[in-house]
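Take a look at the structure set out below.
The values are calculated or read from the model by the stated rules, or taken from the named source; none is laboratory data. Computed from a predicted model, the values in this text were never measured in an experiment. Cβ atoms come from the backbone with ideal geometry, glycine included; neighbour counts cover every protein chain shown.
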């Protein structure tokens, strides 16, 4: 394969393409050809500034390139490449609702997190939050946030310019004490991975790079409160890589109020989350179905917001952060737990949800997350494993 020609075709398109042009995800059928292309790219980009715009995911051996250039590559190297659209993906929340907060939000209480804190507060568990960033000035988050990464503006802090990521962070690990809000796992450490812009929109390639970063930095759990309608091979490939690396991915199912749901929650390697209302029923907006592993509080959830404020929001996004927080409480006690074992424990310890008129329990999937039951079951399974050893 002529690697110089490969990059020359792309370079011609990079110089002609507008800054925000559509992109494609390019992977190689042969790992050796990827290695050759990567080596050539590294040697060329020092003297060819245009090639610095190309981004790379070592985890799935992919390049992210302008769409027009990808088309010409496929025409030239058809047998060697796999190319897919770098699709848009959205956060899973409805429009912000009313302002205000509660020192102990109803969702945190509903999953019995405060009763679990005598056993675990999530200490030392590293949570990757792939989202819009976080408000580093918020007093309830200042002890919970690590530096993370900004995939949109490399070298800058992943500062939130939307609010969604800050809201997720608050439910996960706010530690405001007696004067502020408390999240589910107040001593967990959050690593914001800013992949979404101020509109709550990202490309699949940004998510791939975010998961790649989490794997490289040995994150324990990844919270993914977003989704899209179509499958992506690149996204599934990187989810599988994280799963095999022992990292649990907890993903929101979507807010269409339908049977079925969005990706990545529908991939079997993730833990899929639906939303409950304040009456502990499946929320009207929540997607549902047998693939849902567990439900969390998702209606009118108060949490942290921009400019050191608070806001109530609804969505499977909010439900997912409750479940991720509960998982962090367990992983602090059981750090070696695999993603598969975590999923099984979450499903096994979930409480039955209340049914709406005409609903069948089997059609909903899993039950309601319960942090206290989760920790108790985790402790029992640990003792059982130790006894067998």
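Numbers at a glance
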{"item": "Residue 62 being in contact (Cβ under 8 Å) with a residue 40 or more places away in the chain, crowded, with 16+ Cβ neighbours inside 10 Å, assigned by TED's automatic domain parsing to the domain that holds residue 232 and under 27 Å from residue 193 (Cβ atoms)", "result": "no"}
{"item": "Verdict on residue 239 being part of a helix (DSSP H, G or I), at pLDDT 95 or above, touching a strand residue (DSSP E or B) at 6+ places or on another chain (Cβ under 7 Å) and assigned by TED's automatic domain parsing to the domain that holds residue 164", "result": "yes"}
{"item": "Leading residue by the ranking (surrounded by the fewest Cβ atoms within 10 Å (Cβ to Cβ)) among those in region 155-168 that are touching a helix residue (DSSP H, G or I) at 6+ places or on another chain (Cβ under 8 Å) and assigned to a helix (DSSP H, G or I)", "result": "164"}
{"item": "Selection from region 315-336 of residues that are under 20 Å from residue 367 (Cβ atoms) and assigned to a loop (DSSP other than H, G, I, E, B)", "result": "315"}
{"item": "Test: residue 52 is within 32 Å of the chain's Cα centre (by Cα), outside the structural domain of residue 210 (by TED's automatic domain parsing), within 23 Å of residue 150 (Cα to Cα) and assigned to a strand (DSSP E or B)", "result": "no"}
{"item": "Subset of region 216-236 (residues that are crowded, with 20+ Cβ neighbours inside 10 Å and either outside the structural domain of residue 259 (by TED's automatic domain parsing) or within 13 Å of the chain's Cα centre (by Cα) (or both))", "result": "219, 220, 221, 222, 223, 224, 225, 226, 227, 235"}
{"item": "Subset of region 28-42 (residues that are within 30 Å of the chain's Cα centre (by Cα) and surrounded by fewer than 18 Cβ atoms within 10 Å (Cβ to Cβ))", "result": "29, 30, 31, 35, 38, 42"}
{"item": "Residue check for residue 342: in contact with a strand residue (DSSP E or B) (Cβ under 6 Å, 6 or more places away or on another chain), modelled with pLDDT of 95 or more, part of a helix (DSSP H, G or I) and at negative phi", "result": "yes"}
{"item": "Some residue of region 348-371 being touching a helix residue (DSSP H, G or I) at 6+ places or on another chain (Cβ under 9 Å) and over 24 Å from residue 283 (Cα atoms)", "result": "no"}
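For every residue, the table says whether it meets (1) in contact (Cβ under 8 Å) with a residue 24 or more places away in the chain; (2) on the phi > 0 side of the Ramachandran plot; (3) assigned to a loop (DSSP other than H, G, I, E, B).
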{"residue": "243", "(1), (2), (3)": "yes, no, no"}
{"residue": "246", "(1), (2), (3)": "yes, yes, yes"}
{"residue": "250", "(1), (2), (3)": "yes, no, no"}
{"residue": "257", "(1), (2), (3)": "yes, yes, yes"}
{"residue": "267", "(1), (2), (3)": "yes, no, yes"}
{"residue": "273", "(1), (2), (3)": "yes, no, no"}
{"residue": "279", "(1), (2), (3)": "yes, no, yes"}
{"residue": "295", "(1), (2), (3)": "yes, no, no"}
